[in-house]
Every structure is written in structure tokens, then in C-alpha cells.
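The values are calculated or read from the model by the stated rules, or taken from the named source; none is laboratory data. The model shown is predicted, which means the values in this text are computed figures rather than measured ones. As a convention, Cβ positions derive from the backbone with ideal geometry for all residues, glycine included, and neighbour counts pool all protein chains shown. Side chains are part of the model used for accessible areas, which takes the heavy atoms of the whole protein and leaves out ligands, DNA and RNA. Shrake-Rupley method; radii C 1.70, N 1.55, O 1.52, S 1.80 Å.
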Amino acid sequence: MSKGAQIMLVEDDESLGFLIKDTLDAHGWQVHLYVSGEKGLTAFHNHPFDLCILDIMLPEKDGFDLAMEVRKYNQQIPIVFLTARNQLEDRIRGFRIGADDYVCKPFSIQEFKYRIEAILKRTADVHAPVDRSAVLKAGNSTLDVHNLLLHANGETTRLTYKECKLLLLFFRHCGKLIERDVFLKAIWEDDGFFVARSMDVFVSRLRKYLRSDGSLKIENIRGIGYILKDATG
């Protein structure tokens, strides 16, 4: 459930940090505010959080480094970057690390609240009871949707929520062309240039995860979309 969710907020601008904390606390979540990357990392190791909101330009340890540390220990927890750094390279780096969202300052605090709510609702759905339809097979691989696990020819990978949702579309439509717009609107709910670039990053990661299963291959149909091909079929 998203209500009562425990949120780690790492923001060195205390005025902005308290504004975000007060807004999200008022929504029923419990926000824990830290002003440096090192304090955030220590808290992460000592507290069960449901979501991390990280500024990038932090003292002691920046948000990118902190996110990479978090991902070493937890591949599932949603990460939202909150930053004044609006360069394309920074955004791509954030999504490569495994961010679920990247919000640039200045921003609408109400819109930000709804973004957090949407992420928490999506990730809460992952913990629903497992049923047979939640485990799909393609080639020599199986996708366990509710546990966010890919078993590819004997190798197991823990997926992020977006990685799992993207792979789920591939497995459900194996052998069929899926247009880029379908992916973008189903997973990112957007079709902007940057979001399209971030999807390419996610597809590249999925190719690596499937590398041990020689029967499966994700092909890019330039300008149109992707196909997951299964040599066993």
C-alpha cells in the first residue's frame, strides 16, 4: 500500500527538503530527511524504506554515487532523482543507474506529489499474490513478474519494476513487432524525445540480461519498434 510508505529524502537545501517533507507527510507518507549522501546511505542500511528521493549535488557523496550504493543492496526500491542538473547526459546517467523518475528544479510540488503517488502504487502492485499468469516463458527463460525475477538459461537476474514491465511486454508478444509508441505509453506514459532515449537504455540492459539465453534476441526495427525473437519457437 502507498499510504504509510516510508520515504528516504536526501536533500541538502533544508528549506526545499522541509517543504517536500511536509507535503508528502500530509499525504500520509512518512518522510525521513537527510542533508548529505553519507547520512542517507547510513539511514538506508538501518531503515526499511519504500522509495528514495535523491538530490544529485550533495555533500560527501553525490546522488548518483548514493543511488549506485542503494542499487547494490536493493534492485527493487524506486529511486527518484530531484536536481537542478537538466543536461541530457545527466538524465541518461540517472536512468542507466536505475532511476524510476528524474525531476528537474524548479518543479510543481503538487505534480511531484502525484508522481510519487503513481510510483508507489505501481510498485505496491508488484507485491500482489503470485498466480500462474505472473510467470511467463520464452526461449529457455522464464519471467517471474511479481517477484521481479528473470531466469535466463540458468542465470537469475533481479529486475527493477520498469525493466520487468518492459520485459513482460516482450514475453507476452514474443515474435511480434511492438511499436515504440506502445512501449512508451504503456510504461513511461510519454512519447517525448528524452523518454524515448531512456527506453533505448532499458532495452540495452534487457539484452545483457538475456545474453546467456542464446535462443532469445531483441531486434531493433529502426524507426518502428522492437521484436523479441525466439529461436526455439
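Identify the residue in region 122-147 that is at pLDDT 85 or above and open to solvent by less than 20 Å² (accessible area, probe 1.4 Å) and, among all such residues, is nearest to Ile53 (Cα to Cα).
Among those that are at pLDDT 85 or above and open to solvent by less than 20 Å² (accessible area, probe 1.4 Å), it is Leu143.
For residues in region 205-219 being part of a helix (DSSP H, G or I) and touching a helix residue (DSSP H, G or I) at 6+ places or on another chain (Cβ under 9 Å), which is modelled with the lowest pLDDT?
Our first condition is that a residue be part of a helix (DSSP H, G or I); within region 205-219, this holds for 205-209.
Now narrow it down to the ones that are touching a helix residue (DSSP H, G or I) at 6+ places or on another chain (Cβ under 9 Å): 205-206, 209.
On the way: Arg205: 90, Leu206: 93, Tyr209: 94.
By that ranking, first place goes to Arg205.
Can you name the helices (runs of 4 or more DSSP H) wholly within region 1-78 that have at least 1 residues being of a type in the set (S, T, N, Q) and exposed (fewer than 15 other Cβ atoms within 10 Å of the Cβ)? Can you show your working first?
Numbers: elements: 14-26, 37-46, 63-73.
Ranges flagged: 14-26, 37-46.
Answer yes or no as to whether Ile119 is in contact with a Leu (Cβ under 7 Å, 6 or more places away or on another chain), among the β-branched types (Val, Ile, Thr), surrounded by 14 or more Cβ atoms within 10 Å (Cβ to Cβ) and modelled with pLDDT under 90. So that I can check it myself, show each step before the final result.
Working: in contact with a Leu (Cβ under 7 Å, 6 or more places away or on another chain): yes; among the β-branched types (Val, Ile, Thr): yes; surrounded by 14 or more Cβ atoms within 10 Å (Cβ to Cβ): yes; modelled with pLDDT under 90: yes.
For Ile119, the condition - in contact with a Leu (Cβ under 7 Å, 6 or more places away or on another chain), among the β-branched types (Val, Ile, Thr), surrounded by 14 or more Cβ atoms within 10 Å (Cβ to Cβ) and modelled with pLDDT under 90 - is met.
Yes/no matrix, rows are residues, columns are (1) at pLDDT 90 or above; (2) more than 30 Å from Leu166 (Cβ to Cβ); (3) of a type in the set (Val, Ile, Thr); (4) more than 20 Å from the chain's Cα centre (by Cα):
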| residue | (1), (2), (3), (4) |
| --- | --- |
| Asp13 | yes, yes, no, yes |
| Val35 | yes, yes, yes, yes |
| Ile53 | yes, no, yes, no |
| Asn86 | no, no, no, no |
| Pro106 | no, yes, no, yes |
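Condition first: assigned to a loop (DSSP other than H, G, I, E, B) and surrounded by 16 or more Cβ atoms within 10 Å (Cβ to Cβ). Now tell me which residues in region 148-170 satisfy that. It would help to see each step written out before you state the result.
Kept after step one, since they are assigned to a loop (DSSP other than H, G, I, E, B), are these residues of region 148-170: 148, 153-154, 159-160.
Selection gives Leu148, Leu159, Thr160.
Being touching a Ser or Thr at 6+ places or on another chain (Cβ under 9 Å), in contact (Cβ under 8 Å) with a residue 60 or more places away in the chain and farther than 28 Å from Asp200 by Cα is true for just one of Ile109, Ile92, Ile20. Which residue is that?
Criteria check complete, one pass: Ile109.
Kindly evaluate Ile56 against the criterion of being in contact with a helix residue (DSSP H, G or I) (Cβ under 7 Å, 6 or more places away or on another chain) and within 20 Å of Lys121 (Cβ to Cβ). Outline the logic, then answer.
Details: in contact with a helix residue (DSSP H, G or I) (Cβ under 7 Å, 6 or more places away or on another chain): yes; within 20 Å of Lys121 (Cβ to Cβ): no.
No, not satisfied.
Give region 79-107 a look and list any residue that's among the polar types (S, T, N, Q) and open to solvent by 60 Å² or more (accessible area, probe 1.4 Å), or say none.
Going through region 79-107, the residues among the polar types (S, T, N, Q) turn out to be 83, 86-87.
Residues satisfying the conditions are Asn86, Gln87.
Quickly run through region 23-54 and pick out the residues that are within 22 Å of Ile97 (Cα to Cα), of a type in the set (Ser, Thr, Tyr) and in contact (Cβ under 8 Å) with a residue 12 or more places away in the chain.
Tyr34, Ser36, listed by residue number.
Give me the residue from region 220-230 that is open to solvent by 50 Å² or more (accessible area, probe 1.4 Å) and of a type in the set (D, E, K, R) and, out of that set, modelled with the lowest pLDDT. Steps first, answer last, please.
Step one: filter region 220-230 for residues open to solvent by 50 Å² or more (accessible area, probe 1.4 Å), giving 220-224, 229.
Filter again for of a type in the set (D, E, K, R), leaving 222, 229.
Working: Arg222: 84, Lys229: 93.
Per the stated criteria, the residue is Arg222.
Any chance region 171-189 includes a residue that's at pLDDT 85 or above, in a helix (DSSP H, G or I), open to solvent by less than 50 Å² (accessible area, probe 1.4 Å) and farther than 20 Å from Ile79 by Cβ? Before you say what the answer is, go through the steps one by one.
If we filter region 171-189 for residues that are at pLDDT 85 or above, which is where we start, we get 171-178.
Retained after the next criterion (residues that are in a helix (DSSP H, G or I)): 171-172.
Those still in the list that are open to solvent by less than 50 Å² (accessible area, probe 1.4 Å) too: 171.
Narrowing the set further to residues that are farther than 20 Å from Ile79 by Cβ leaves 171.
Yes, some residue in region 171-189 is at pLDDT 85 or above, in a helix (DSSP H, G or I), open to solvent by less than 50 Å² (accessible area, probe 1.4 Å) and farther than 20 Å from Ile79 by Cβ.
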